[in-house]
Amino acid sequence: MNDMSELENQFHHAMIGVYENAREHEYYATYFKEMVDRYGGLGAAKRLLAKPEIQDGLMKLWELHQLDQSIEALVIQERFRPLFTEAEIAEAHRRLEELGYFQGK
């Protein structure tokens, strides 16, 4: 397995972790889980980032004070950046910034 496919595999597992964390907070993100199952973690993230609006799921994580457990928080992590374009990283950053994620960090 090359480094990129290993990184993609790690990202996929991290995306499953996003779903599991939400479930622990009694938020059942079934549409998100279906996307991850269908397209893989990376494919699902890229599809969600392609939409300019903030998704309901991210708003729900914001309400639960769980933004650090969002797709967007994964995308901006240094280790996962090679999987994404600059535009995708910028979009993830913009959404988190709009929701106050970086305040006090």
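The values are calculated or read from the model by the stated rules, or taken from the named source; none is laboratory data. Please read all numbers here as calculations on a predicted model, not as lab measurements. All Cβ positions, even for glycine, are placed from backbone atoms using ideal geometry, and neighbour counts span all protein chains on display. Only protein heavy atoms, including side chains, enter the accessible area calculation; ligands, DNA and RNA are left aside. Shrake-Rupley method; radii C 1.70, N 1.55, O 1.52, S 1.80 Å.
Can you pull out the residues in segment 1-30 that are among the hydroxyl-bearing types (Ser, Thr, Tyr), surrounded by 13 or more Cβ atoms within 10 Å (Cβ to Cβ) and either modelled with pLDDT under 95 or not in a helix (DSSP H, G or I) (or both)?
Kept after step one, since they are among the hydroxyl-bearing types (Ser, Thr, Tyr), are these residues of segment 1-30: 5, 19, 27-28, 30.
Retained after the next criterion (residues that are surrounded by 13 or more Cβ atoms within 10 Å (Cβ to Cβ)): 19, 27.
Passing the criteria: only TYR27.
Condition (residue is assigned to a helix (DSSP H, G or I), basic (Lys, Arg) and either within 26 Å of ASP3 (Cβ to Cβ) or in contact with a His (Cβ under 9 Å, 6 or more places away or on another chain) (or both)) applied to segment 42-54: is it met by at least one residue?
yes
Among the residues of segment 70-87, which ones are in a helix (DSSP H, G or I) and either open to solvent by less than 30 Å² (accessible area, probe 1.4 Å) or within 19 Å of ASN9 (Cβ to Cβ) (or both)?
ILE71, GLU72, ALA73, LEU74, VAL75, GLU78, ARG79, PHE80, ARG81, PRO82, LEU83
Would it be correct to say that LEU99 is touching a helix residue (DSSP H, G or I) at 6+ places or on another chain (Cβ under 8 Å), buried (at least 19 other Cβ atoms within 10 Å of the Cβ) and modelled with pLDDT of 95 or more?
No, not satisfied.
Between a first residue in segment 80-101 that is within 21 Å of MET59 (Cβ to Cβ) and a second residue that is basic (Lys, Arg) and modelled with pLDDT of 95 or more, which pairs have beta carbons less than 9 Å apart while being 6 or more apart in sequence or on different chains?
Taking only residues 6 or more apart or on different chains, the pairs are GLU88/LYS46; ILE89/ARG81; TYR101/ARG95.
Quick check on my filter: what residues within segment 47-64 are at pLDDT 95 or above and either open to solvent by 30 Å² or more (accessible area, probe 1.4 Å) or among the hydroxyl-bearing types (Ser, Thr, Tyr) (or both)?
ARG47, ALA50, MET59, LYS60, TRP62, GLU63, LEU64
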